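Please read the structure below before turning to the comments.
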Amino acid sequence: MGSLDDHISAGAIARSDDDFELQTDALEEVLSGQLPCWVCGYELSGLSVTGVCPECGTPVRTTLLAVVDPSAASYAPLRMPRIASAGLVLWTGAALLAILTIWLCRLTDALQVWFAVPSKLGFLGALVPVFAALSGLGGLVLIHPQKGDSLKQTLGPILASALYVPLVWMLWYTHAKIDLTAGIPYFTNALREADRVELRCAIGIVSMLIALLVRPSVRAFAKRSVLMRTGQLTRQTLLAVVAALAIALAGDMIHVATIRVEPLQHVVTSTISLLLVAAGSALVTVGFAGMFWDAIRLYPIIRNGPRSLGDVVQLDEPDA
Ligand SMILES: [Zn+2]
C-alpha cells in the first residue's frame, strides 16, 4: 500500500472509484444496515445504490464512496478500539483546550492592561499543564495500537509520552508559576521575561519533537479511514502543526537574542518577534482544531471498525 501522500492526488480518488465499481457491479444493490446520507444525514436504508437521497438529492453512491472502505477487511484489528477512539479525542481535545486556555489568559491580560478590567481568572494558567497532562494520557493510545506496528510506530509514541513529563512541568512553570508571580507577559515588562521566553523555546522544541515522534502512529490510525487515505478528509495536519510551532519558535528565539544582545533591542526586532509568536500560535491553534475535528470524525471508524460494502448493501431479493 502506498503512503498517504501518494493517495492525496486526485488520481487516487478516481482509483478508489474504480475499485468501488468492481465491487458493486456484481450486486443488485439495495442498502441494508444504517447509512445516513453523507450530506444531510437522511437515513438511506432500503434505497437502491443507484438512487439519490430523497431529502437533498445527493447520489447514494456519493455517500457509499465516503463511508464504505474497499479495504475494510485488510486492517489488523485494533487491540482496544474503544479506548483508542476515545484516547484520540482526549489527546487532541485536551491539547486544544490547553492552547485555548493560553489564549484566554492573554485575553484577560489585555483587558487588564488596556481597559483596567481586573482579572478574576488568574487560576486559568494553572489549567494549562492539567490539560496538557490529560492530552498526554490520551496520547498513550498511540503506543502499539495494533498488531504488526513497525518499530517507528511503537518507539516514537513511547518517547513522545516520556516527553510529556518535561512538557507538562515547563507549562506549569511558565503559565502557573512565572505568570502568577512575575506579572503579565507581553503587555508589560515581566520581571522574569528571559526565563519565560527560554522556557517557551524549550516548550516549542519539545512539542515539535512529540508531533514528529507520534506522526507514523497517527498516520496508521488515519489510514483506517478511506476518506483520509484518499485525501478527502485530512491534510498533513501534524506537519502543519510542526511548521506553525517553528514559526512561533523563530519569534521566541529572536526575543531571546534581543534579551542577550543589547544592540538588537529595537522596536523592529521586538515587533517581528511578537508577530511571529502571534502568527505561529494562531496557526498552531488552527492545526490542533483540525486534529481534534479529525479525531471526532475518526471516532466511529476506530471504535466500530471501517464499514465494508457488505455491511451496508444487500442483495435485493425479488418479491415472492
Ligand atoms: Zn441527503
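Specify whether the C-alpha gyration tensor of the range 38-134 places it in the rounded, prolate or oblate class, a ≥ b ≥ c being the square roots of the eigenvalues: rounded for a/c under 1.5, otherwise prolate if a/b is larger than b/c and oblate if not.
oblate
Using modelled backbone amide H atoms (1.01 Å from N, in-plane), which distant-in-sequence or interchain residues come within less than 5 Å of V52's amide H?
V60
Check E43: other-chain or 5+ apart residues with amide H under 5 Å from its amide H, H built from backbone geometry?
C37
From the phi of every residue in the range 89-102, what ³J(HN,Hα) in whole Hz does the Karplus formula 6.51 cos²θ - 1.76 cosθ + 1.60 yield, where θ is phi - 60° and glycine or proline is x?
5, 5, 4, 7, x, 5, 5, 5, 4, 4, 5, 5, 5, 4
Mind listing the long-range amide H neighbours of R307? Cut-off is under 5 Å, sequence gap 5 or more, other chains count too, H placed in the peptide plane at 1.01 Å from N.
Residues meeting the criterion, in which the H sits 1.01 Å from N, are D69.
Could you calculate the contour length gain from V117 to A246, that is, 0.36 nm times the residue separation minus the distance between their Cα atoms, to one decimal place in nm?
Gain on stretching V117 to A246: 43.1 nm.
What are the ³J(HN,Hα) values, in whole Hz, obtained from phi via the Karplus relation 6.51 cos²θ - 1.76 cosθ + 1.60 with θ = phi - 60°, for each residue of the range 277-293 in sequence order, with x given for Gly and Pro?
4, 5, 5, x, 5, 4, 5, 4, 4, 4, x, 5, 4, x, 5, 5, 4
I need the phi-derived Karplus couplings for the range 124-141: 6.51 cos²θ - 1.76 cosθ + 1.60, θ = phi - 60°, integer Hz, Gly and Pro marked x.
With the stated coefficients, the range 124-141 comes to 3, x, 5, 6, 4, x, 5, 5, 4, 5, 4, 4, x, 4, x, x, 4, 5 Hz.
If R0 is 56 Å, what FRET efficiency do you get for I205 and S48 from their C-beta distance, rounded to 0.05?
Using R0 = 56 Å, I get an efficiency of 0.50.
Taking 0.36 nm per intervening residue step and subtracting the Cα-Cα distance, what contour gain separates L104 from D195 on full extension?
30.6 nm
Output the peptides 202-208, 128-134, 53-59, 304-310 sorted from most to least packed, where packing is the average of other Cβ atoms within 10 Å over each peptide's residues.
Output ranking for 202-208, 128-134, 53-59, 304-310: 128-134, 202-208, 304-310, 53-59.
Could you name the lysines whose alpha carbon sits less than 21 Å from that of K152, not counting residues in the same chain fewer than 8 places away?
K223
Of the peptides 79-91, 212-224, 111-123, how do they stack up when ordered by the mean number of other Cβ atoms within 10 Å, highest first?
Final packing ranking: 212-224, 79-91, 111-123.
Read the figures in this text as sums done on the coordinates, not as results from a lab. All of these numbers come straight from a predicted model, not from anything done at the bench. Every residue, glycine among them, receives a Cβ derived from its backbone with ideal geometry; neighbour counts consider all protein chains shown.
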